[in-house]
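Data first, discussion second: the structure below is written as structure tokens.
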């Protein structure tokens, strides 16, 4: 990663933007031409479509509707009160939390370790980088049959375990409740570690060499430098990855839907797959809409909390 | 950055790296090995001979190209407006847009399905293109606005003093100067559009319109349960993505790190 002045400016202005405001409006200079016509197309396309859809979802969420019948009956907040008594909803919430914590921690550790290894001039680093990053670009939908095949009772994983004398560990990975969620987490980690790695790798390149030099002069070893200097310096990256991971966990759909269909026995049900199940196959469109609104509110709250937490830490630093 | 002085130390790191890489390599090996199992290369020819198979690629291509063009156009304009033009309630508009970043796709299914059927958009490319573009724009604007903020104001003021209007400023300053970030935007959008599964699944019904992410299911039907053919089709659909990544590797990584700095 090259450090050009543009990139530095970019990151500086980006940080200023994250720290609230970010507007450098009309502080000086002649009056600027109007900007509204310029932002209008994006607002119409994005804000227009999305807020329209959210508003519509809000309306549907007050109905008992199968998606087809011409005059659905209104149930007020009935769908919402039902959600809180719905054990599958709480299961899905629990899976999302566990899923986020586990995948985030493991990805952070793996991404960090890979970034350190690649900076330590190991051999074949270029090849290893490609192998870690390829999963990021492959569509989960394309890889799903591969994972179903790999984790099948007579699949490749069990056959490898048998070959290396660990046949007793062979099990129906996606067919039993105890291992289905870990399989989904494995696939997600497989898919996203490339991003964590690339970001940490880039963040490490941005650290001032003079700081590292000073640490070395003071007799700090590699490990000490990593823990006391490099890791704290990269806090911004870690916070950004935390936000991405949390939002990503709430959005999870493709992998559990395609690999385990949310099963067995709801063991891999997430909010995304549950909304889909309610809305499309079960035609409980009103209930699915109420779930959608709750998911949306949770996602917004989580994003705001993490954003504020990240900002406080940076300010306190 | 890290100096490993002893030979033993270097060997240990190499071994650690190799052990950690195995789980990442394994699914790819499973995919390729499975695709060549049984009838070997014949699996691939069988898949390629299925009528309509190229159609999936063409559809994905059409959708990706239109989404990219749409996102690029509205993003560049909006980022310019947010960063360098006069705008009341600037941050209100911006946060309205940013809030969309948290939106899960699945939330859009019911309302868009109802609206699309009413407007006759259901089962057309637009039913997928519009929501995909709408979901990509907020992040693209965030990236590009930050980038344009970093360009000196003097540049735009000088152009204005010389009599250039906003449109000329956009054409002669914004478009050429934003190339690095535009590359990142295009790549993000490409990956998102190409890999999207849910919108094509719900909004595209006729096989003539379906995208490559629906290929595995198509082949589950086509070859009942012949795993080797399904894996061969997965390999064939993965190849363009891997080739694109390998040839644009630097852009991918640079775009990503630009995107991380929020």
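Just a yes or no: is a residue in segment A:166-181 in contact with a helix residue (DSSP H, G or I) (Cβ under 7 Å, 6 or more places away or on another chain) and under 21 Å from residue A:242 (Cα atoms)? Looking for residues that are in contact with a helix residue (DSSP H, G or I) (Cβ under 7 Å, 6 or more places away or on another chain) and under 21 Å from residue A:242 (Cα atoms), one finds at least one in segment A:166-181, hence yes. The residue that is farthest from residue B:149 (Cα to Cα), among those in segment A:44-69 that are buried (at least 21 other Cβ atoms within 10 Å of the Cβ) and without any contact (Cβ under 8 Å) to a residue 24 or more places away in the chain, is A:53.
Condition first: within 14 Å of chain B (Cβ to nearest Cβ), without any contact (Cβ under 8 Å) to a residue 24 or more places away in the chain and within 30 Å of residue B:21 (Cα to Cα). Can you find one or more residues in segment A:91-100 that meet it? Among the residues of segment A:91-100, not one is within 14 Å of chain B (Cβ to nearest Cβ), without any contact (Cβ under 8 Å) to a residue 24 or more places away in the chain and within 30 Å of residue B:21 (Cα to Cα), which makes the answer no. Scanning segment B:55-105 for residues that are assigned to a loop (DSSP other than H, G, I, E, B) and within 7 Å of another protein chain (Cβ to nearest Cβ) yields a total of 4.
Going residue by residue through segment B:113-127, is there one that turns out to be out of contact with any helix residue (DSSP H, G or I) (no Cβ under 8 Å at 6 or more places or on another chain), farther than 20 Å from residue B:211 by Cβ and at pLDDT 90 or above? Looking for residues that are out of contact with any helix residue (DSSP H, G or I) (no Cβ under 8 Å at 6 or more places or on another chain), farther than 20 Å from residue B:211 by Cβ and at pLDDT 90 or above, one finds at least one in segment B:113-127, hence yes. When B:79, B:99, B:35 are screened for being touching a helix residue (DSSP H, G or I) at 6+ places or on another chain (Cβ under 6 Å), closer than 26 Å to residue B:189 by Cα and crowded, with 17+ Cβ neighbours inside 10 Å, only B:79 passes.
Annotation: residue B:131 fulfils all but one of (1) modelled with pLDDT of 90 or more; (2) more than 8 Å from every other protein chain (Cβ to nearest Cβ); the unmet one is (2). With respect to the conditions (1) under 17 Å from the mean Cα position of the chain (by Cα); (2) surrounded by 20 or more Cβ atoms within 10 Å (Cβ to Cβ), residue B:192 falls short on a single one, namely (2). Of the helices (runs of 4 or more DSSP H) entirely within segment B:149-262, those holding at least 2 residues that are within 11 Å of another protein chain (Cβ to nearest Cβ) and under 30 Å from residue A:242 (Cα atoms) occupy B:179-195, B:198-203, B:227-247, B:249-260. Would you confirm, using the coordinates I've provided, whether residue A:198 is buried (at least 19 other Cβ atoms within 10 Å of the Cβ), within 8 Å of another protein chain (Cβ to nearest Cβ) and either within 19 Å of residue B:32 (Cα to Cα) or in contact with a strand residue (DSSP E or B) (Cβ under 6 Å, 6 or more places away or on another chain) (or both)? Taking the combined requirement at face value, the residue does not satisfy it. Of all the criteria given as (1) within 20 Å of the chain's Cα centre (by Cα); (2) touching a residue at least 12 places away in the same chain (Cβ under 8 Å), the one not satisfied by residue B:126 is (2). Apart from one condition, residue B:1 fits all of (1) buried (at least 16 other Cβ atoms within 10 Å of the Cβ); (2) modelled with pLDDT of 90 or more; the exception is (2).
The residues listed here are A:275, A:305, A:247, A:261; of these, the one that is farther than 25 Å from residue A:135 by Cβ, out of contact with any strand residue (DSSP E or B) (no Cβ under 8 Å at 6 or more places or on another chain) and surrounded by fewer than 24 Cβ atoms within 10 Å (Cβ to Cβ) is A:305.
Kindly evaluate residue A:191 against the criterion of being more than 9 Å from every other protein chain (Cβ to nearest Cβ) and under 24 Å from residue B:236 (Cα atoms). Judged against the criteria, residue A:191 is a match. Of all residues in segment B:1-36, which are more than 10 Å from chain A (Cβ to nearest Cβ) and under 15 Å from residue B:228 (Cβ atoms)? Once the filter is applied, which keeps residues that are more than 10 Å from chain A (Cβ to nearest Cβ) and under 15 Å from residue B:228 (Cβ atoms), segment B:1-36 yields only B:36.
Per-residue answers, yes or no, for (1) surrounded by fewer than 22 Cβ atoms within 10 Å (Cβ to Cβ); (2) facing another protein chain (nearest Cβ under 10 Å); (3) modelled with pLDDT under 90; (4) assigned to a helix (DSSP H, G or I):
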| position | (1), (2), (3), (4) |
| --- | --- |
| A:114 | no, yes, no, yes |
| A:123 | yes, yes, yes, no |
| A:131 | yes, yes, no, yes |
| A:153 | yes, no, yes, no |
| A:165 | yes, no, yes, no |
| A:168 | yes, no, yes, yes |
| A:171 | yes, no, yes, no |
| A:174 | no, no, yes, no |
| A:180 | no, no, no, yes |
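Looking only at segment A:250-274, which residues are closer than 16 Å to residue A:299 by Cα and outside any helix (DSSP H, G or I)? The answer is A:252, A:253, A:270.
Filtering segment A:217-232 to residues that are under 19 Å from residue A:114 (Cβ atoms) and more than 12 Å from chain B (Cβ to nearest Cβ) leaves A:227, A:231. Here is a check on your reading of the model: is residue B:109 facing another protein chain (nearest Cβ under 8 Å) and touching a strand residue (DSSP E or B) at 6+ places or on another chain (Cβ under 7 Å)? The answer is no for residue B:109. Within segment B:220-242, does at least one residue satisfy the condition of being buried (at least 20 other Cβ atoms within 10 Å of the Cβ), at pLDDT below 90 and under 25 Å from residue B:73 (Cα atoms)? Within segment B:220-242, one or more residues are buried (at least 20 other Cβ atoms within 10 Å of the Cβ), at pLDDT below 90 and under 25 Å from residue B:73 (Cα atoms).
The values are calculated or read from the model by the stated rules, or taken from the named source; none is laboratory data. Note that the structure is predicted; figures quoted are calculated from it, not measured. FYI the Cβ positions are ideal-geometry reconstructions off the backbone, even for glycines, and counts take in every protein chain you see.
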